[in-house]
Structure formats: C-alpha cells, structure tokens
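Okay, so here's the structure we're looking at.
Bear in mind that the values in this text are calculations on the coordinates, not laboratory data. All of these numbers come straight from a predicted model, not from anything done at the bench. Note that each Cβ is placed from the backbone with ideal geometry, even for glycine, and that neighbours are counted across all protein chains shown.
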C-alpha cells in the first residue's frame, strides 16, 4: 500500500507572519521530521493562494486580514520546509479545501491502494476541510491526521476540529497514541 503525506499550508503567513501563532511555530520541527519520514515522491503540499482582491471576496469579508497573496513573502512555504518539498507536487488552492487534490487522489486510489496522512495548518480550517473532502471522495481509503503536526487558530479550535474528524472516521494520531 502506498502511503501519501499531505502537507497543508505550511506558509509563512500561517506560521509567524499575518496569521501566525505560537502553536504554529511549535509544530515546525515535527512537520519537518514527518516530511523526512516519507519519500518525496509520496509527499504533496498545498498552498493557500489569494489575489490582491482578497478583501472583496466572501472569505476576505469574513476574515479581513490580507494573507497568502500570491508572490508575497507570506504566501511562500517556510524556507526550511520548502527545501524538504523539493520534487513534491504542490497544489495552489484559492479556498480552504482543494477539490483538484481530492479528485487527483481519488483517481490514484482507483489505480492503486493508498493511505493518506495530513499535517499542517490550520487544523480547524484547511486541514479539516481537506481531510473531509478526501474522506467524502474516498470513503474506503484510510485518512489519518497527525495532531502533533497540526495547529489550529486556537488550541480549543484545534481540539474541536480533531473531534470533528474523529466523528467522520478520520483517524487522529496524537501524543497518547
């Protein structure tokens, strides 16, 4: 069985810039260790990607903080993580979830047996959205999230998102496992 790692939005703006948090900074080393544990051919990354008109979008009106503007410093994947992703497929996504990624993985799952593991930011927004998209598209594929390699907007929202994923039969690995 092929195991695929999905590294969600490990971008500067979510780690220590526009929307960064101490919790996001604290997972960087664990994320790097996890990436190193997979062959680069089995690593996929996503990038939250917005245009300069972000504040006029529905998301921008509800979260009026400019972030992940394509080409900006904040949009880039943190450099020490980006080095580990050299050769990995990267999906730019204009929304929380990537339909393109879910569709591509579904097509792959029809050709070979796969298992998916997600890590990254933010647990309660893009990680949960992508995990749920993948589970909906591929109900018989094991979808796993490593809680030690994720951080939410707040610690409470991180825990709530993990519980939501558990309720939807996404396997959550945490320090107790």
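Worth pointing out:
- Relative contact order (%) - segment 2-173, alpha-carbon pairs under 8 angstrom, separation at least six: 27
- The alpha carbon gyration tensor of segment 22-117 gives principal lengths a ≥ b ≥ c with a/c of 1.5 or higher and a/b no greater than b/c, which makes the shape oblate.
- Angle in degrees between helix 155-167 and the longest Cα principal axis of the chain, rounded to the nearest 10: 30
- Mean Cβ neighbour count within 10 Å, used as a protection proxy, ranking 85-93, 40-48, 17-25 highest first: 40-48, 17-25, 85-93
- Within the listed set 106, 76, 36, the Gaussian network model of the chain (springs between alpha-carbon atoms below 10 Å) gives the highest mean-square fluctuation for 36.
- Shape category assigned to segment 113-152 from the gyration tensor of Cα positions, a/c cut at 1.5: oblate
- Relative to the longest principal axis of the Cα atoms of the chain, the long axis of helix 99-109 makes an angle of roughly 10 degrees.
- Cα-based shape type of segment 2-173, given that a ≥ b ≥ c are square roots of the gyration tensor eigenvalues and the cut on a/c is 1.5: rounded
- Helix-only mean residue ellipticity at 222 nm for the chain, each DSSP H run of n ≥ 4 adding -39500 (n - 2.57), per residue, nearest 500: -9500 deg cm²/dmol
- Within the chain, DSSP assigns beta bridges of which about 5% are antiparallel (rounded to the nearest 5).
- Degrees separating the helix 128-137 axis from the principal Cα axis of the chain, which is the longest one: 40
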